[in-house]
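**Q** Sharing a structure with you now.
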Amino acid sequence: MPEQTDTIKYMPPPIAPKGEPKPKSKISASRRLSLKILLLTRASEQLEAEKEAREENKVQYLGENLPPLQLSGLQSEEIQKICKQLHEKIDKVDEDRYDCEAKVIKNNRDIHELNLKVRDLGGKFKKPALRKVRVSADEMLKALFGSKNKGSMDLRANLKSVKKEDIKQEKELNNEVGDWRKNVEAMSDMKGRKKMFDA
C-alpha cells in the first residue's frame, strides 16, 4: 500500500479587477505565518532527501561500473593490463561527459534564443487600420513644416498651362517632320540644322 503524505497546496488569492477593493483573506495572519513556516521546513526536508538519494545513486553507480581493485599478488604485466583497461574506461567516460556538456550548452543556447523570440513576439503590436483622410495642400504643409510655412501654396498654379494653339503647332511640326529618313538629306548640312533649331 503506497504511503500517503500530507500535502499543503498554496493557492494565491484571486486578483480583483481594478476599482474593486481586495477581498479580505479568510486566513488569519498568524495562521498564514505558521503555514509558511511549515512549507519552508517541508521544502528543506525534501531537499535533504534528494541530496541523500543522489549520493546513494552515485555510490551504487560506482560500485557497478568500478569494482574494487585487487592488486596483491599480481605481476607487472597484469597490472599494466589493468591500467590500460582503466585508461580506456576513463577515455570513454570523458567522451560521454564531453557529449553531455555539448548537449547542455546547445540546449541552453536554444532556450536563450527561444526566450528572445518570446520577448520579441510579446513586444510586437498590431498596426491599426488607417482611415482615408482628405487634407488640403495648406493643411498638409502646416502639418509637415509647422508655422514656418507662411502663405498658401496653390498647387494648380504651378501646373503647366497648355493652350489649344500650342497643341495645333506641335501636330503641324510632327506632320512636317514625318519620316526621319526623308529629311536626313535636307538636314545633313549646317543650314538644315539651323532650321531645326530655329523652328
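The values are calculated or read from the model by the stated rules, or taken from the named source; none is laboratory data. In this text the structure is predicted, and so the values were computed from the model without any measurement. Cβ atoms come from the backbone with ideal geometry, glycine included; neighbour counts cover every protein chain shown. Note: accessible area is taken over every heavy atom of the protein model, side chains too, but ligands, DNA and RNA are not part of it. Shrake-Rupley method; radii C 1.70, N 1.55, O 1.52, S 1.80 Å.
**Q** Of all alpha-carbon pairs in region 71-122, indicate the percentage at a distance above 13 angstrom.
**A** The proportion of pairs with Cα distances above 13 Å equals 71 percent.
**Q** For a 28 Å ceiling on Cα separation, which of these pairs sit above it: K51/K81; K92/K117; K51/K103?
**A** As for pairs spanning more than 28 Å Cα to Cα, those are K51/K81; K92/K117.
**Q** For region 31-89, what does the accessible surface come to per residue with a 1.4 Å probe? Please give it in Å².
**A** 96
**Q** Using the basic label-point model (7 angstrom from Cα toward the beta carbon), what is the S34 to E165 distance in nanometres?
**A** For S34 paired with E165, the spin-label model returns 11.1 nm.
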